[in-house]
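Derivation of every value follows stated rules applied to the coordinates shown; laboratory data play no part. On a predicted model such as this, the values are computed, not experimentally measured, just so you know. So basically every Cβ, Gly included, is an ideal-geometry build from the backbone, and we count neighbours across all protein chains shown.
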Amino acid sequence: MAKPEVVEIEEDKELPELPNLDKWPKVIMRLAPFPSGPLHIGNARMVVLNDYYVKRYKGELILVFDDTIGSTEKVIEQDAYDLIPEGLDYLGVEYHKTVYKSDRIDLFYKYAVDLIKRGEAYVCDCDAAVWRNEHKVKGIPCSCRGLDSQENLARWEKMLDGTYAEKEAAVRLKTGMTDPDPAMRDHVILRISENEHPRVGMKYRVWPLLEYSWGIDDHELGVSHIIRGKDLVKEGKIEQHIWSLYNWPHPELMYYGRLKFEDAKLSKSKSRKEVHDGTYSGWDDPRTWSLQSLDRRGIDAEAVRKAMLDLGLSIVDIKISMKSVYSENRKLRDAETPRAFFVQDPVWIAAENLDRGLIEAHIPVHPDFPERGLRKIPLHAVDGKSIFGVQQSDLSRFKLGTLFRLKDMANFTLEKKNPPIAHYHSSEVEQVRKVNGPIIHWIPREGSVPIEMTLVDGSTVMGLAEPGVEKMKVGTFLQFERVGFARIYKTGDPIQVSFAHK
RNA sequence: GCCCCGAUAGUGUAGUCCGGCCCAGCAUCUAGGGUUUUCGACCCUAUGACCCGGGUUCGAAUCCCGGUCGGGGCACCA
């Protein structure tokens, strides 16, 4: 019997297995964005990684809005509650349920009381700065730490009922004052904040901190594996402390390093300001680098996913280039992308002595797939004359007498520069090839359509595209020959497109 | 000051757990060539890396020790 070939079903399993799969009945993971705005390219790593593993193990993914009241610098953006799911849909992320931290405050209170009763937490009324300098740094417990649970419970009630003002008291978890790592000493897990919350208003004045709320929720929600940025390793340790206290199984913690982009500066707070000011066109302005903005530019979500997955799970901080995303995008979309001519701020050339038979230009919709047919551009010649627009930078490098070709149309010689006049020379491309003459793109004066193109830096340029673009639908991803890829995001006059990449 | 983590070509990554198949694979970038009526795609070629120093070993990118450099934490932020 012939030896059967080794069966390789080799899916794209380039990422390592999740640890301790056998310890968990099901892989359950979570996405925990803070709703300060839409997800951007920098958040994509967290999202894609979690989604990837959940799909790989047919597990469950929970979207948890980590919307406890933050510091005054970290503000919840109401719109984010919708913008985040929108971004997830774009990325093709499948999540199975949505949870709001702000709905679970009572749960955190319940455990807080329990921890106090057990003597694992206490209400500390020390001044934050004093505590930091005199107790944490020196490893010396404050007097609150020794209070009995009755007294602590009484203080806890005073936090809830408003006897204590903001900053006057906080609950600390006894992670240990002798821990060699100062970062781990009796961390605050609940504190008072009277800021209004966009979802629950003024219902609560005591709010949990991230590490505490997750210490409870990762267990309550049945989370088996956690993949998150390494800025949260200390938080992970505190969570483990809580899990141990209750003898809960420890979810598997995995961290990845910080991701930066050479060619994109990400700042949610700046974006937020500029969007509200109207400086940015909205949350899909390319300068926000939001997932919405990538969608608007025609970046295929698959390109983002691929680029993110290629980074793996390394914990080192890395700086990559958007070029890797663009490269993936080209691979994904180039073959299906129709071509068109677009000329920014065209310079008009009077073309004379046109061949009588020259009525339209015939250009392949896609050069690699001739079977897709031709796009036809009427030339509107009258008495052998017509007017064409070309790129200033092309024209300015031509000398008088230069033989050049308007791509897929005909060859001309430049007769005069100011104003530009060109004479028809011949029709076959070989003529310019022989002299290695330039072949440039162009648009007819008659019938071309105005285009406003938004560049990656948010600036816009105006120009004209060949007539056929007028009939294209919103969402069409196209390539302006010699210019780059772009997507139509709004039709009308002008048609609005967003530049994607070269 | 105290704690933690990391180090493979320009960038990113595989290999490191279980030393030899790695004079180190892949992607991207860059350069050159081919092809193409685009500055796109495609094809070919080229340059280019195991942080340093010791040790263990027949053999180390892989194990051990020391150093250097880099990142992060020490918030009543997330």
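Brief remarks on what is shown
- As an equivalent ellipsoid, region A:272-347 spans semi-axes of 25, 22, 11 angstrom, where each value is the square root of five times an eigenvalue of the C-alpha gyration tensor, largest first.
- A:102, A:459, A:448 arranged by Cβ crowding within 10 Å, fewest neighbours leading: A:459, A:102, A:448
- Volume per residue that the Cα convex hull of region A:106-208 spans, once the total is divided by residue count, Å³: 98 Å³
- Here is the short version for chain A: A:126, A:142 have no other Cys C-beta closer than 4.7 Å.
- A compact globular protein would have a Cα radius of gyration near 2.2 N^0.38 Å; the ratio found for chain A is 1.33.
- In chain A, the longest principal axis of the Cα atoms and the axis of helix A:105-117 are about 30 degrees apart.
- Between helix A:268-277 and chain A: long-axis angle, C-alpha atoms, 0 to 90°, nearest 10: 60 degrees
- The fewest-to-most ranking of A:369, A:477, A:388 by surrounding Cβ atoms within 10 Å reads A:369, A:477, A:388.
- Spin-label model, residue A:352/residue A:502: points 7 Å from Cα along the beta carbon direction are separated by 3.9 nm.
- Each Lys or Arg adds one and each Asp or Glu takes one away; over the other residues whose Cβ falls under 12 Å from the Cβ of residue A:488, this sums to +4.
- Order of A:394, A:277, A:355 - criterion: other Cβ atoms within 10 Å of each residue's Cβ, fewest first: A:277, A:355, A:394
- Exceeding the 32 Å Cα-Cα cut-off - candidates A:273/A:323; A:167/A:265; A:385/A:502; A:110/A:270: A:167/A:265; A:385/A:502; A:110/A:270
- Summed side-chain charge close to residue A:251 - residues other than residue A:251 whose Cβ falls under 15 Å, Lys, Arg +1, Asp, Glu -1: -4
- Cα-based radius of gyration of region A:337-502 once divided by 2.2 N^0.38 Å, which approximates compact folds: 1.02
- Nearest-0.05 FRET efficiency for residue A:319 and residue A:247, computed from C-beta distance (R0 41 Å): 0.45
- Qualifying aspartates and glutamates (Cα of each under 18 Å from Cα of residue A:319; at least 8 residues distant if same chain): A:231, A:262, A:263, A:310, A:328
- FRET efficiency, residue A:376 to residue A:100 (Cβ-Cβ, R0 35 Å, nearest 0.05): 0.05
- Net length available on complete extension from residue A:72 to residue A:462 is 136.2 nm, with 0.36 nm assigned per residue and the Cα-Cα distance removed.
- For region A:33-144, the alpha carbon convex hull comes to 175 Å³ per residue, rounded to a whole number.
- In Hz, Karplus ³J(HN,Hα) per residue of region A:134-146 (6.51, -1.76, 1.60; θ = phi - 60°; x = Gly, Pro): 9, 10, 5, 4, 8, x, 9, x, 8, 5, 4, 4, x
- Virtual spin-label span in nm between residue A:276 and residue A:166, 7 Å along Cα→Cβ: 1.6 nm
- Label point 7 Å beyond Cα of residue A:429 along Cβ direction - residues of region A:481-495 with amide nitrogen under 16 Å: A:481-482
- Rounded to the nearest 10 degrees, the angle from helix A:210-220 to the longest Cα principal axis of chain A is 90 degrees.
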